[in-house]
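Some notes on the structure that comes next.
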Amino acid sequence: YYFIYSARANGLHYCISDYPDRDFVYGGRLHASSDVGLRGYTPSDTAYPNGNTHGSIIQLNESFYIFDHRFTNACSYCRQGVAEKIEMDENGFFKAAEATSCGLNGGPLEGKGEYPAYLACNLFTPKHSLYLGEEGAPKIMQDGRDGDEETGYIGNITDGTTAGFKYFDCHNVSRVSVTTRGYAQGIYEVRTKWDGDSLGEIKVEFSNVWETYSSDISLPDGVNSVYLTFKGSGNSMLRSFTLE
């Protein structure tokens, strides 16, 4: 028997027992959109702002998947469903699932083509936000009203904001593009690690319509993350990025 519950700052946790009503033993963390406690992230260094969390595990054939959500519009009532494969060991305990952009793809996304910015699984500023609601924080949002079929994008991107996407199976990637708009001027730095060295820069300009900007930037062959960090003035919006 598995008892799955929400913890204040760490997402979904679980306990396990041979009985439905007693003797539960703590099993650990299952999933958190902020990745707190996973891969070095701490409550003061989150990958994505925390909020409420709802989710559980299902078994499909011999595999297990956890379904949860992260947040849009910087609001705990606006949610983007997510799913990750989760591994069970021989003793019935689960290894915590990392927040990614892959969903039920069955592995890394193809390292070619255009990807929407709303797939970001990491979104933070130099002043990491443990919880949602900080004024002016970057957020996944959309034009129009609720229910309109509008493409989502990341808004409120200011100096130092980083959007991260995981993972891509890259081969011979030599050019990266971003599609942006907004009264912002500066560059997007491209990295394959959230705290890694910049592999190159894409210059963007003020525009009140979506414009695409490109730069010759090589990504290593193999499975990579893509991190885009804005450096500059104003408030940028990111609709998508393209790997070529």
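Across the range 146-163, coupling constants 3J(HN,Hα) worked out from phi with the 6.51/-1.76/1.60 Karplus curve, θ = phi - 60°, read 4, x, 5, 8, 10, 6, x, 8, 9, x, 6, 8, 10, 3, x, 5, 10, 10 Hz, and Gly and Pro carry x. Annotation for the range 131-179 versus the range 224-244: alpha-carbon center distance of 7 Å. Take 183-195, 207-219, 13-25, 230-242 and order them by the average number of nearby Cβ atoms within 10 Å per residue, most first; the result is 230-242, 183-195, 207-219, 13-25. With the Kirkwood sum run over all distinct C-alpha pairs, the range 124-191 has a hydrodynamic radius of 14.6 Å. Element breakdown for the range 16-129 at a 1.4 angstrom probe: carbon and sulfur atoms account for 50% of the accessible area. Surface analysis of the range 32-164 yields an accessible area of 50 Å² per residue, using protein heavy atoms and a 1.4 Å probe.
Using heavy atoms of the protein chains and a probe of 1.4 Å, the accessible area assigned to Ile86 is about 0 Å². Summing Cβ point charges (Lys, Arg +1; Asp, Glu -1) relative to the Cα centre of the chain gives a dipole of roughly 420 debye. Arg175 contributes an accessible area of around 80 Å² to the protein surface, as traced by a 1.4 Å probe with all chains present. Separation of the alpha carbons by more than 22 angstrom is noted, of Lys95/Lys166; Lys193/Lys231; Lys95/Lys127; Lys127/Lys231; Lys139/Lys231; Lys85/Lys127, for Lys95/Lys127; Lys85/Lys127. For the range 62-161, the calculated P(r), taken from all Cα-Cα distances in 5 Å bins from zero up to the bin holding the longest distance, is 2, 10, 18, 20, 18, 15, 9, 4, 2, 0 percent. These residues, Tyr2, Tyr167, Tyr153, go from largest to smallest accessible area, 1.4 Å probe, as Tyr2, Tyr167, Tyr153.
Ligands, DNA and RNA left out, the accessible area of the range 169-244 computed with a 1.4 Å probe is 44% carbon and sulfur.
The values are calculated or read from the model by the stated rules, or taken from the named source; none is laboratory data. Not measured: the values here are computed from a predicted model. Methodologically, a virtual Cβ is constructed for each residue, glycine included, from the backbone with ideal geometry; neighbour enumeration extends over all protein chains shown. Protein only, heavy atoms only, side chains kept; ligands, DNA and RNA dropped before computing areas. Shrake-Rupley method; radii C 1.70, N 1.55, O 1.52, S 1.80 Å.
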